[in-house]
Amino acid sequence: MLNRKGRARLLACVACGELGRCEVCRSAIEQTNAGTLRCRRCGAERPSVCLACGATKFRVLRTGVSKARNDLERLAGRPVAEVSAEATEPVGDASVIVGTEAVLHRVDRADVVAFLDFDQELLAPRYRAGEEALALLARAARLVGGRRDGGRLLVQTRMPTHEVIDAVLHADPGRFALVESARRAALRLPPESALAEISGEAAPPFVAALGDDGVDLSGPSAAGRWLARAEDHRRLCDGLASTPRPSGRLRVAVDPLRL
């Protein structure tokens, strides 16, 4: 299993292999044209220096599904089927299948499910990345069955102590929930607060008129989106509803699933 679309484009230190992560929210970072490192999730920016060893050079970690298929065919010495949104060829009697998460819905049973480069799921630039990663592992675990069935779930990661991995190893989602709840409280993310993402051509005048004392605003992002944040949904929705709506396209997504 190897997802690509919408996942983190990871950077690793050339000297020690440490993944580049945001100091604020621990998400993936990217290199800017100015040579700094910037978080895609929260926007925090810092110098291009490895936090583990102090080196200043990073490389991009990126392997496509087609390349993974070719490598697996060479290693396994047998045909490998590919499943993705673009490659929908029949799986047939293939004993080895590689693909995006679509493959988890095309197969009823598996002896082994291997997640290649799972760090891109853990560090995806979305505040629910951990939840979604845990859901993927749970789906895969159902395919291989219990330990007595002999199935195996393999996860390739540079972060073996991550709370998602820890929760799966102990079959205890509560371990993840405990850490994630504390993180969201610190960053004021749902359900510890109420959020609304505002976009569209009418967004600038709408945001300018949004003057409720209980609603905090940030933005715009590079994609031209603003975030409105309040302590609870009543305060947020009251502020949004009381703001005059200008002409033009306006989109307000409350507690967006992906942010």
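Computed from the coordinates by the stated procedures, all read-outs in this text should not be read as laboratory data. What you are looking at is a predicted structure, and each value in this text was computed from that prediction instead of being measured. Every residue, glycine among them, receives a Cβ derived from its backbone with ideal geometry; neighbour counts consider all protein chains shown.
If you average 1/r over every pair of different alpha-carbon atoms in the range 139-256 and take one over that average, what Kirkwood value in Å do you get? The Cα-based Kirkwood calculation yields 17.2 Å. Our helix-only sum for the chain, with -39,500 (n - 2.57) per DSSP H run of n ≥ 4 divided by its residues, gives a mean residue ellipticity at 222 nm of -8000 deg cm²/dmol. The Rg/Rh ratio for the chain is 1.02, where Rg is the radius of gyration of the alpha carbons and Rh is the Kirkwood radius. When +1 charges are put on Lys and Arg Cβ atoms and -1 charges on Asp and Glu Cβ atoms, the dipole computed for the range 195-237 relative to its Cα centre reaches about 80 debye.
If R0 is 45 Å, what FRET efficiency do you get for Asp213 and Cys16 from their C-beta distance, rounded to 0.05?
It comes out at approximately 0.40.
Distances between placed amide hydrogens fall under 5 Å for Glu18 paired with Cys13, all partners being 5 or more residues away or on another chain. Measuring max minus min along each principal axis, the C-alpha atoms of the range 108-174 give extents of 34, 24, 20 Å (largest first). Ignoring the sites themselves, what is the longest stretch of the chain with no trypsin sites (Lys or Arg not before Pro) in a DSSP loop and at most 12 other beta-carbon atoms within 10 Å? That would be 110-248.
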